[in-house]
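Chemist: Dropping the structure in here first, questions after.
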Amino acid sequence: MNRNLLRILAALVAVAAVALPAFAGAYPLQVARNVILYMALAITWDMLLRSGQISFGIAGLFGLGAYASVLGVLRAGMSPLLSIAFAGAFAGLAALLIGFLILRLRAIYFSIVTLALAEIFRIVIQNLHDFTGGPEGLVLDGVILGGSASGLYWLTLAGLAVALGASWWFEKSKFHFALTAIRNNETAAKSSGIDIFRWLLATFVITSVIQGFLGGIYGQSYGFATPDSVFDANFTLLPLAMALLGGIHSTVGPIFGAVLLGLAAEWLKLQIPYGHLVVYGVIIIIVILFIPGGLYGLIKKANRASEGRKA
Amino acid sequence: MTTLRTEGLTRRFQGLVAVKDLSFHLDAGEILGIIGPNGAGKTTFINLVSGITMPSSGRVEYKGRDITYMPAHERARIGIARTYQLIHPLENLTVIENVMIGSVFSRGKSLKEARRSAEAICAELELDRLDRDTAKLSMLEIKKMEIARALANEPEALFLDEVMAGLNSDETKQVIGTVQRIAAERNLAVGVVEHVMGVIRELTQRVIVLEAGELIAEGPYEKVSKDPRVIEAYLGGAA
């Protein structure tokens, strides 16, 4: 496929995504909102993965953002939209402080610490009864945008646009070079003048800002936050599975993966209630074992093979 | 002019002393051979000078400035570049992108400027078809790419760790010529670790010999190669 055709196709998909509320009912819109939210999270997870760091902390920063936003409205009297921006800033600040401590860690040590952090956030918030409402959480007086289905959809779509924009910027800027070099060989990266810690910290903070921002959107869209809902491990596991299935180290991969797995999950939920997570697990295992590059990786490989035949 | 100097440089790994009390200097415009049997501490020495490993004691000076504990990425920025014995070309990056990295981060150039200077360096090294995947490069092309990447840092001191290994004799000759040319044109201070003595003889003006982390001889290759201590080090005292 040539580049212009792809551009036109992408533009059409974008227009269709924005126009969806005009021809979709409440249920499909709700499904689309979910898919879009997970897609955005999957993209942010992949952005950090491009440096070789595997985070299991998405749910932690997402939940932190959701609480920051709900608390911003309830305790500081922020407008809902402002509270979403505040959620991003708060998660980013948290990531900056945490990053200083944990970004010296690598591989499984980094992953485990991020997993633990998400759990620590949940436990701390759950135990600050007076401020956060404890296990029962907090409920807002109303939902943002009056709870309009298309409004909430567009809000989530805006969250995706931020994630996509950041990911695209990473691919086109010095981030691409720095993160790829760090992933491949840190020693060689240093010898090319790359300040590894600084680039990892920047990436961790930026992806956390977006995850917190998405958490804020989520909190405002449902009008409440409880420890169990916003720190749900699914906010870590589903984006991870989507990125793996679609193809890591790219923007396009997580998009594919989110659409496929998101729609499959909705369908499976109806077929085998509560059993759909098992199917998820099986898909992750199959992808890791047999198609480590994901679906986008397969496409790229096929593309390269056909170019090879032409040459 | 002395570009780089060490004094009493020592590095211990647990019980093992990999580099011991090593003092040396490397001058602008000079190509220095760093030789010694396997495990003599040659690579550790380059790691110490380029900041990949920090010394246990001693001192490293670059153009009169103490850089003993300066991190590697800062050393790359002030002008110390190196290649690696085990090369890992960066996957997912093309040849030109691999070379650009040094310009982008050591020199802080924009991607556009970095591409332009990387193209010039590749042309100088006769490296072409720059948009290729690195997986398809020949050994000679990989070596050239490594040298190009180091040069993109615009260094004043350059260390080449076994850059000729894996090349046939024609290719080796070609790379020797290239290294001599770039060193002369840029007035570089070059340190070369190499196992093939023919390469050392042709390429270098001066040689230091390491054995078990210690400097045991220094001088022009012709003189050093006749030194009984050096011969003994290489033949393990059997001669």
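Chemist: On average, how much area does the Cα convex hull of the stretch A:152-311 cover when viewed from any direction, in nm²?
Modeler: On the way: hull surface 50.7 nm².
That works out to 12.7 nm².
Chemist: Also: Using a probe of 1.4 angstrom, how much of the accessible area of the stretch A:153-292 is carbon and sulfur, in percent? Display every interim value, and only then the final one.
Modeler: Working: 4000 of 5390 Å².
Carbon with sulfur: 74 percent of the solvent-accessible area.
Chemist: Interface A/B, total buried accessible area with a 1.4 Å probe, nearest 100 Å²? Before the final figure, lay out the partial values.
Modeler: Values: alone 15410 and 11090 Å², together 24500 Å².
Protein heavy atoms only, the A-B interface buries about 2000 Å².
Chemist: Shifting gears a bit: Given a 1.4 angstrom probe, what's the average accessible area per residue across chain B, in square angstrom?
Modeler: Details: 10140 Å² over 239 residues.
Per-residue accessible area for chain B comes out at 42 Å².
Chemist: If you take the beta carbon distance between residue A:81 and residue A:232 as r and set R0 to 22 Å, what does 1/(1 + (r/R0)^6) give as a FRET efficiency, to the nearest 0.05?
Modeler: Details: r = 24 Å, r/R0 = 1.11.
The pair residue A:81/residue A:232 has a calculated efficiency of 0.35.
Chemist: Calculate the dipole size of the stretch B:16-143 relative to its Cα centre from +1 charges on Lys and Arg beta carbons and -1 charges on Asp and Glu beta carbons; express the result in debye to the nearest 20. Numbers along the way, then the final one.
Modeler: On the way: 17 positive and 16 negative charges, 57 e Å.
Result for the stretch B:16-143 is approximately 280 debye, rounded to the nearest 20.
Chemist: Ratio to report: Rg/Rh of chain B, with Cα atoms as the point set and Rh obtained by the Kirkwood method; give two decimals. Mind dumping the intermediate values first?
Modeler: Details: Rg = 17.6 Å, Rh = 18.2 Å.
The Rg/Rh ratio comes out at 0.97.
Chemist: Let me ask you something else. At a threshold of 8 angstrom on Cα-Cα distance, excluding pairs fewer than six apart, so keeping six or more, what relative contact order does chain B reach in percent? Write down the numbers at each step before the final one.
Modeler: Values: 465 pairs, mean separation 65.0, N = 239.
Computed value for chain B: 27 percent relative contact order.
Chemist: Shape call for the stretch A:1-70 from the C-alpha gyration tensor, a ≥ b ≥ c root eigenvalues: rounded (a/c under 1.5), prolate (a/b greater than b/c) or oblate? Each step should come with its number before you reach the end.
Modeler: Details: a/c = 3.30, a/b = 1.27, b/c = 2.61.
Oblate, since a/c reaches 1.5 and b/c is not below a/b.
Chemist: May I pose another question? Take each of the peptides B:177-190, A:233-246, average the number of other beta-carbon atoms within 10 Å over its residues, and list them starting from the highest. The partial results should precede the final answer.
Modeler: Numbers: B:177-190: 17.1, A:233-246: 24.1.
Highest-to-lowest ranking by the protection proxy: A:233-246, B:177-190.
Chemist: Using a 1.4 Å probe on protein heavy atoms, which residues of the stretch B:43-70 have at least 40 Å² less accessible area in the complex than alone?
Modeler: Buried on complex formation: B:52.
Chemist: Less than 20 Å apart at the alpha-carbon level, and either on another chain or at least 8 residues along: which lysines does that give for residue B:20?
Modeler: Counting by Cα, and skipping residues close in sequence, residue B:20 has these lysines nearby: B:42.
Chemist: Taking only complete DSSP H runs, can you tell me which helices of chain B stretch 30 Å or more along their own long axis by Cα positions and average at least 0.0 on the Kyte-Doolittle scale?
Modeler: On the way: long enough: none.
Answer set is empty.
Chemist: Continuing with this model, one more query. Provide a list, ordered by number, of residues in the stretch B:143-184 showing at least 30 Å² less accessible area with every protein chain present than when their chain is taken on its own, using a 1.4 Å probe.
Modeler: B:149
Chemist: With a cut-off of 13 Å, note down the residues of the stretch A:70-97 whose backbone N falls inside the zone around a label point 7 Å from the Cα of residue A:131 toward its beta carbon.
Modeler: Those under the cut-off are A:71-72, A:75-76.
Chemist: Calculate I(q)/I(0) for chain A by the Debye formula, one identical point scatterer on each C-alpha and no solvent, and give its log10 at q = 0.06, 0.12 Å⁻¹ to two decimals.
Modeler: For chain A, the Cα-only Debye profile gives -0.20, -0.82.
Chemist: For a protection proxy built on the mean count of beta-carbon atoms within 10 angstrom, sort B:140-147, B:106-113 highest first, please.
Modeler: Details: B:140-147: 22.2, B:106-113: 15.4.
Result, highest mean first: B:140-147, B:106-113.
Chemist: Using alpha-carbon pairs under 8 Å, 6+ residues apart, how would you state the relative contact order of the stretch A:24-230 in percent?
Modeler: Values: 322 pairs, mean separation 91.0, N = 207.
Normalised by residue count, the contact order of the stretch A:24-230 is 44 percent.
Chemist: I've got another one for you. With every protein chain left in place and a probe of 1.4 Å, what is the accessible surface of residue A:260, to the nearest 10 Å²?
Modeler: 90
Chemist: With a probe of 1.4 Å, find how much accessible area the stretch A:1-159 has per residue, and write the answer as a whole number in Å².
Modeler: On the way: 7690 Å² over 159 residues.
I get 48 Å² per residue for this part.
Chemist: May I ask you to give the average projected area over all directions of the convex hull of the Cα atoms of the protein assembly as shown, in nm² rounded to one decimal? Display every interim value, and only then the final one.
Modeler: Working: hull surface 122.2 nm².
That works out to 30.6 nm², a quarter of the Cα hull's surface.
Chemist: Now for a separate question. What lysines sit close enough to residue B:173 to cross-link, taking a C-alpha to C-alpha distance under 16 Å and skipping anything fewer than 8 places away on the same chain?
Modeler: B:143, B:144
Chemist: Still on this structure, please answer the following. Leaving ligands, DNA and RNA out of it, work out the accessible area of residue A:90 with a 1.4 Å probe and give it in Å² to the nearest 10.
Modeler: Counting only protein heavy atoms, the figure is 90 Å².
Chemist: Please find the FRET efficiency linking residue A:96 to residue A:116, where r is the Cβ-Cβ separation and R0 is fixed at 25 Å, and quote it to the nearest 0.05.
Modeler: Numbers: r = 18 Å, r/R0 = 0.74.
After rounding, the FRET efficiency stands at 0.85.
Chemist: Can you report the principal axis dimensions of the stretch B:140-222 using only the alpha carbons, biggest first, rounded to whole angstrom?
Modeler: So the three principal-axis extents are 34, 29, 21 Å.
Chemist: Same structure again: Gain in length, residue B:168 to residue B:120, computed as 0.36 nm per residue apart minus the alpha-carbon separation, to one decimal in nm?
Modeler: That works out to 14.7 nm of additional length.
Chemist: Tell me the carbon and sulfur percent of the accessible area for the stretch A:96-136, rounded to whole percent, probe radius 1.4 Å. Don't jump to the answer; show the numbers that get you there.
Modeler: Details: 1950 of 2650 Å².
Here it works out to 73 percent.
Chemist: Looking at the stretch B:95-134, which residues lose a minimum of 40 Å² of accessible area between their chain alone and all protein chains in place, measuring with a 1.4 Å probe and not counting ligands or nucleic acids?
Modeler: With the partner chains in place, the stretch B:95-134 has these residues losing at least 40 Å²: B:101, B:105, B:111.
The values are calculated or read from the model by the stated rules, or taken from the named source; none is laboratory data. What you see is a predicted model, and the numbers here were worked out from it, not measured in a lab. FYI the Cβ positions are ideal-geometry reconstructions off the backbone, even for glycines, and counts take in every protein chain you see. Protein only, heavy atoms only, side chains kept; ligands, DNA and RNA dropped before computing areas. Shrake-Rupley method; radii C 1.70, N 1.55, O 1.52, S 1.80 Å.
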